[in-house]
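Written out below as structure tokens is the structure these notes cover.
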Amino acid sequence: MRFFCTVLFFLLMSSTTATALTYLEDHFGDGTLQQWTVSIDPVVANATYYVEDSNLIISDIDDSNPSINMGGYIYFTNTLAIPLAGDFHADFIFSWDEFNDIAARQYLNFTLLSDNGDIITRISFKDRFHAFVGRMENYIGNFSYTYLGPFTLPYAGNANVDIDRAGDLITIMWNGGIVLTGIDSKSISVVEISAWHSEWTYGPIPSFGEFRIDYVNLQGGDDAIAIPEPLTILTSVCSVVILAIKRFIICNKNNL
């Protein structure tokens, strides 16, 4: 019976404690950006960002010379201690607000990059022109790309983005709906959030509204542990029970 209890214990533990390895998780609840390195393009004169109410908030980007520049970025970068190979799951929860201004021009990107800077996958909110409202864009590797046209996203909104890779197949979902699938097998080395603004114009002066990043999560890789299906667990337990009963009967016969 000791044999039976030992095996059953390990079976049950493997079915309840298996979990994926977490490479990055940030709720921004500690009020800091300690997991991120912040940088800006040379053409950006100033960028306003802060952590408040468990959100990373980007509220302004100033172009240093809007008459000749085509805009610039601020970057929040996390370089993984160990590159993530194989299967993964990523969450990115964010919101945008252009304060009902048709002249707003702003991007927000969430990008997973390889060690040499190749885009593995990227999701974006983009309002490219001063006379448009925003749209979504999605990228996988160098070959898969999809977008919705201008005016397809409202002045203000939010998105819960899920990105999964099983084998080489990557799937991107916005708010539970699949928007793009594609193939890329490169290991993830860098997680990057970036925001863009340009004040170059031939019309009304473009404004920058606000982005709020609520949650970033990246799990998986070769260290992820598969959780057995319930039927597999039940079959294994039954096999152990039968084996234990047989051993019990044999032991009793030998003692007679």
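The values are calculated or read from the model by the stated rules, or taken from the named source; none is laboratory data. Computed from a prediction, not measured in an experiment: that's the story for all the values here. Here the Cβ positions follow ideal geometry from the backbone for every residue, glycine too, while neighbour counts run over all protein chains shown. These accessible areas exclude ligands, DNA and RNA; they are computed on the full protein's heavy atoms, side chains included. Shrake-Rupley method; radii C 1.70, N 1.55, O 1.52, S 1.80 Å.
Side notes on the structure shown:
- Area of S124 that stays accessible when all protein chains are in place (1.4 Å probe, Å², to 10): 0 Å²
- Of the listed residues H27, H197, the order by accessible area with a 1.4 Å probe, largest first, is H27, H197.
- Each residue of segment 96-109 was assigned a 3J(HN,Hα) from its phi angle through the Karplus expression (A = 6.51, B = -1.76, C = 1.60, θ = phi - 60°), giving 9, 8, 9, 6, 6, 9, 5, 7, 5, 9, 7, 10, 9, 10 Hz with x at Gly and Pro.
- Heavy atoms of M173: accessible area, 1.4 Å probe, square angstrom to 10: 40 Å²
- Residues whose amide H comes within less than 5 Å of that of L169, counting only those at least five positions distant or on another chain, are absent (H built at 1.01 Å from N in the peptide plane).
- Spin-label pair N158/Y145, simplified geometry with 7 Å Cα→Cβ offset, distance in nm: 3.1 nm
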